[in-house]
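Notes to accompany the following structure.
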Amino acid sequence: LKILRKLPVKKPSLGGGDLQFADEIAVRILELKREVERLSEERRLVEAEIFRVAPFGDFSLEDVDFIEKEGKCAIQYFCNKTSKSHESTPQEGMIFIGRDYDLDYFLSINKEPIQCPDKIEMRIDRPWGELQTHLGFVKESLHQIEAELKGYAGHVEFLHESLLERLNEYHLATVKKELLFPLDNALFVVEAWVPKNKTTILYSIING
């Protein structure tokens, strides 16, 4: 109910169901909410990774592996703060790729992997294009899950009624445990509180 009440109001669904159906709906809503949170976090991480590798553009890691293997070389990716670029010592095989915000990006092609103390080596597991494709898939999945979740907004009234019924069952079970049986079970006693303006209703309930 807390999840659904944060969604756009929807016309109540026609027809109800039993408590088992209400339980199934509640479980599904919780599953969808967890999936929305998981996909939202994945989208955030993918977007951050796209931003990180974007300066190197779109390329194929398979092509890079082929070049390294056939060319007997090591290709590496580096970056450093633009303000420190003038302090860096030029290195053989280091190619300036571009500048984004306050960072400069470089590509290194050498016979062997190099160490570059004045730069940060970057690891690229998935290039820009592959990340964009995956981001599209994540967004579409998130859209579908959110749409399904919003579809349950019309069940608020039904779930509320089911909650009251569940609470009635719980309170009845609780009260039964508090029953007293004096006079060798010839009499049972239970105590409860009733508002003054509800006493007439109480009498109608216990009549007979």
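The values are calculated or read from the model by the stated rules, or taken from the named source; none is laboratory data. Predicted model, so just to flag it, every value in this text is computed and none were measured. With ideal geometry, Cβ positions are generated from the backbone for all residues, glycine too; neighbour counts draw on all protein chains shown. To get the accessible areas, we keep the full protein, side chains included, count just its heavy atoms, and leave off ligands, DNA and RNA. Shrake-Rupley method; radii C 1.70, N 1.55, O 1.52, S 1.80 Å.
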Seminar exercise, completed: Which residues qualify? For LEU103, with a placed amide H closer than 5 Å and at least 5 residues away or on another chain, they are THR82
For this session: Considering the options LEU1, LEU167, ALA147, tell which one lies farthest towards the positive end of the dipole of the chain, charges being +1 on Lys and Arg and -1 on Asp and Glu at the Cβ, about the Cα centre.
Result: LEU167
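How high is the FRET efficiency between LEU183 and LEU19 when r is their beta carbon distance and R₀ equals 45 Å, given to the nearest 0.05?
Taking R0 as 45 Å, the efficiency between LEU183 and LEU19 is 0.75.
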Exercise. Does the range 62-145 come out rounded, prolate or oblate, given a ≥ b ≥ c as the square roots of the eigenvalues of its C-alpha gyration tensor, rounded meaning a/c under 1.5 and, failing that, prolate meaning a/b above b/c?
Worked result: oblate
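If the chain between ALA147 and THR199 were fully stretched, how many nm would it gain, using 0.36 nm times the residue separation less the Cα-Cα distance? Numbers along the way, then the final one.
On the way: separation 52, 0.36 × 52 = 18.72 nm, distance 4.70 nm.
Stretched fully, the ALA147-THR199 segment lengthens by 14.0 nm.
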Problem set entry | Calculated from backbone phi, Karplus (6.51, -1.76, 1.60) coupling profile of the range 32-41 in Hz, x at Gly/Pro | 5, 4, 5, 5, 4, 5, 5, 5, 5, 5
For this session: Take the solvent-accessible surface of the protein heavy atoms, probe 1.4 Å, and return the percent of it on the range 130-183 that carbon and sulfur atoms account for.
Result: 61
Exercise. How many angstrom lie between the C-alpha centres of the range 162-202 and the range 53-82?
Worked result: 74
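How much area per residue is accessible in the range 1-92 when the probe is 1.4 Å and only protein heavy atoms are counted (Å²)? Display every interim value, and only then the final one.
Working: 6460 Å² over 92 residues.
So the range 1-92 comes to 70 Å² accessible per residue, rounded to a whole number.
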For this session: Would you please give the residues with an amide H less than 5 Å from that of GLY17, counting only those at least 5 places away or on a separate chain, with H modeled from the backbone geometry?
Result: none
Exercise. Here are some pairs, LYS176/LYS198; LYS33/LYS177; LYS119/LYS139; LYS2/LYS198; which of them have Cα atoms lying more than 32 Å apart in this structure?
Worked result: LYS33/LYS177; LYS119/LYS139
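With every protein chain kept in the model, how would you rank LEU103, LEU149 by accessible area, 1.4 Å probe, largest at the top? Don't skip to the answer; put the middle values down first.
Values: LEU103 50, LEU149 10 Å².
Ranking LEU103, LEU149 by accessible area, largest first, yields LEU103, LEU149.
Give, in nm to one decimal, the length gained when the segment between ILE75 and ILE109 is fully stretched (0.36 nm per residue of separation minus the Cα-Cα distance). Don't skip to the end; give the middle numbers.
Numbers: separation 34, 0.36 × 34 = 12.24 nm, distance 0.47 nm.
Result: 11.8 nm gained on full extension.
With +1 on each Lys and Arg Cβ and -1 on each Asp and Glu Cβ, how big is the dipole of the chain about its Cα centre, in debye rounded to the nearest 20? Kindly include the intermediate steps, with their values, before the conclusion.
Details: 28 positive and 36 negative charges, 216 e Å.
That gives a dipole near 1040 debye.
Filter the chymotrypsin sites (Phe, Trp or Tyr not before Pro) in the range 168-208 to those in DSSP coil with at most 13 other Cβ atoms within 10 Å of their Cβ, and list the result.
Numbers: sites: TYR170, PHE188, TRP193, TYR203; in loops: PHE188, TRP193.
Counting only loop positions with at most 13 other Cβ atoms within 10 Å, the chymotrypsin sites (Phe, Trp or Tyr not before Pro) in the range 168-208 are PHE188, TRP193.
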For this session: Please sort by residue number the trypsin sites (Lys or Arg not before Pro) in the range 119-165 whose DSSP state is loop and whose Cβ has at most 16 other Cβ atoms within 10 Å.
Result: ARG123
For this session: Calculate, in nm to one decimal, what TYR170 and GLU62 gain on full extension: separation in residues at 0.36 nm each, minus their alpha carbon distance.
Result: 32.7 nm
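Out of the range 46-97, which trypsin sites (Lys or Arg not before Pro) are coil in DSSP terms and have no more than 16 other C-beta atoms within 10 Å? Don't jump to the answer; show the numbers that get you there.
Values: sites: ARG52, LYS69, LYS72, LYS81, LYS84; in loops: LYS72.
Qualifying residues, ordered by number: LYS72.
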Problem set entry | With at most 12 neighbouring Cβ atoms within 10 Å, loop GluC sites (Glu not before Pro) (DSSP) excluded, longest segment of the chain | 1-91
Exercise. Tell me, what is the 1.4 Å probe accessible area of THR89, in Å² to the nearest 10?
Worked result: 90
Problem set entry | Over the chain: helical MRE at 222 nm, DSSP H runs n ≥ 4 each giving -39500 (n - 2.57), nearest 500 | -16500 deg cm²/dmol
